[in-house]
Amino acid sequence: MNRRIVDSGIFAGTGGGCDMNLRGFQPCDIRGIYGSSLDDEISPALTFRVGRVLSRMVPRDAAIVVSGDGRASTPALLSALVDGLNRACCNLGVGVPTPVASVARHRLGAHTSAVVTASHNPPAYNGIKLQVGPAPITPDQLAAIRDAVAGMHSMFHEPTGPGSGLRADTSPRHAGRLQGNPDIRSGMGSACVNGEAIWQAYAGIIRDSFEPVNRVPIRVDCMHGCYAGIAPGLLESMGYRVNAIHNECRGDFGGLVPDPSDDRNLVALQDGLCAGGFAFGAALDGDGDRVRLVDETGQPVDNGTILVLLARYLLDRGVAHPGQYVVYDQKTRLAVIREIRETGLIPVMEKSGHSFIRARMLATGAVLGGEKSGHFFWGAGTPYPVPAGDCGLFALAAVGDLLARAGGRLSELAATVPASPYYTGDIRGLRYAGDRVGLLERVGARLRAAGYPVAMEDGVRVETEDAFVQIRASVTESDGLTVALDSGTRQLLRRLCDDLAGALRDDADDLAGIIQERVDRVLKAGEGRVCVGFGVV
């Protein structure tokens with residue numbers, strides 16, 4: 001695959017022989033800021049063309065599952081996608097959690113799934129998560145779809161299906177979702193799907209996977225996402241006493257950013273958690289495939305720590321066995337990797353990105369996987385119904401079962417995983433409007449010239465026995481970069497930071513300054529600091 005084309009957005013706007021902005025095509029999905037024109041990263045015209053390409057790629061006798069999240073722009077995009085498909089498909093409608101769509105695809109034996117969602121991104125964003133064939137989507141497949149879309153000159157789409165108007169819809173989305181309407185239809189050319197039956201089957205799997213609890217109080221922030229109005233009822237049926245907040249699926253997320261990986265978005269969940277006597281708190285992201293846990297004191301728990309606790313839990317249950325693999329993403333802190341190795345399981349690093357983690361898990365037969373962002377994947381031998389699938393609600397229930405079996409508090413169990421006082425977490429909000437691939441190539445060359453061992457499989461990575469630095473292009477933001485550093489000593493962290501900043505300075509002095517500012521805060525906090533999430537040190 002020509003990675004430069006994918007990362008640099010060479011077809012962006014109306015240049016490059018294409019009449020449409022294709023900058024939303026990323027290595028794992030399609031995602032960008034929504035608008036109604038061809039110049040926008042995500043538009044009904046784009047999803048119509050993607051639907052037309054999929055219709056040509058997928059065998060005529062093969063099933064296609066489509067659905068969408070609860071964003072204001074999703075009805076228009078989903079309707080256009082279905083119009084583009086121009087063939088019968090299993091349409092679950094809008095306001096559907098991505099994990100439920102994945103379960104539907106698996107249970108129906110569908111060849112392809114297309115989920116209109118931007119997951120955890122702010123309300124202005126949208127996109128499409130795809131799977132074409134039996135394996136997770138690859139960058140090569142996405143590049144082929146992008147190139148086919150680019151070749152569709154002067155093919156315009158006028159939204160025609162129900163709910164396809166471009167006016168923002170910020171109302172609650174309970175009617176016609178997975179409750180109260182067993183036959184969910186949306187758009188043109190869609191087959192009737194018993195979406196309620198699929199949800200009830202999946203809910204039954206979650207219930208049967210864990211022992212019931214006796215009125216354990218928990219606080220859940222649904223973030224006005226797809227699990228709002230759905231998850232609390234399931235958890236209550238499992239014996240939890242649920243205090244749910246932001247429990248309506250809303251097109252604008254009620255003004256929230258539905259990203260629980262950013263500590264700044266957890267304040268509402270933390271408020272009152274300790275005083276309310278809750279066993280723990282959990283926040284589910286916009287489309288329901290990520291989760292973030294908060295302990296009984298109101299302290300957010302690092303997702304790497306949760307990955308270690310889940311690995312131990314699967315071993316204790318006899319589901320996992322020493323010698324099996326656990327896949328982690330490259331932003332994971334080093335203490336977590338050491339602790340997984342201590343359990344007898346074998347940690348395997350993979351590029352950050354949902355499709356990359358899933359593909360590596362399927363290739364290795366891994367029992368568990370996790371990303372720093374809050375995706376937890378369930379592999380061989382686990383009761384999860386989709387091989388290497390992920391779901392924030394399932395992970396939440398697993399943590400509840402873990403605590404019940406351990407008989408301890410989440411804060412106590414989290415403390416058994418060593419802290420990382422010189423770990424920056426994922427430094428985000430780094431914007432670079434130019435050619436990200438070219439930038440990373442230059443940074444890698446400068447660090448190599450400075451004597452560092454540099455790996456370039458996904459951005460730039462420098463790793464030693466007790467430290468790493470990773471800078472890479474975001475797979476969910478077309479102009480984004482992410483950076484993470486970890487070190488065993490403050491001196492080494494300072495040196496790595498200064499050398500990375502120096503390698504960036506000629507091209508992106510502002511980014512170098514942001515990274516140095518974050519590291520300065522980490523060093524100021526010093527030994528008393530525990531590992532952090534994404535948003536605040």
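Quick note: the coordinates plus some simple rules give every number you see, no bench work behind them. The model shown is predicted, which means the values in this text are computed figures rather than measured ones. FYI the Cβ positions are ideal-geometry reconstructions off the backbone, even for glycines, and counts take in every protein chain you see.
Quick rundown of the values:
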| item | result |
| --- | --- |
| Charged-residue dipole, Cβ positions (Lys, Arg, Asp, Glu), the chain about Cα centre, Debye nearest 20 | 560 debye |
| Taking the range 223-286 and dividing mean pair separation by its residue count, relative contact order in percent (alpha carbons under 8 Å, at least six apart) | 41 percent |
| Residues 454, 103 arranged by fewest to most Cβ contacts within 10 Å | 454, 103 |
| Karplus 3J(HN,Hα) series, Hz, for the range 257-262 with 6.51 cos²θ - 1.76 cosθ + 1.60 (x for Gly, Pro) | 9, x, 10, x, 6, 8 |
| Three-way shape call for the range 300-349 based on the alpha-carbon gyration tensor, with the a/c threshold at 1.5 | oblate |
| Beta bridges by DSSP in the range 214-414, antiparallel share as percent, to the nearest 5 | 35 percent |
| Ranked list, fewest to most other Cβ atoms within 10 Å of each Cβ, for 416, 112 | 416, 112 |
| Rg/Rh ratio calculated on Cα atoms of the chain (Kirkwood radius) | 0.95 |
| Positive dipole terminus of the chain, leading residue within 473, 318, 253 (C-beta point charges) | 318 |
| Sorted by Cβ neighbour density within 10 Å, fewest at the top, the residues 456, 238, 57, 20 | 456, 57, 238, 20 |
| 23 Å tail of the calculated P(r), the range 427-528, as % of Cα pairs | 20 percent |
| Residue-averaged 222 nm ellipticity for the chain, from DSSP H runs of 4+ at -39500 (n - 2.57), nearest 500 | -10500 deg cm²/dmol |
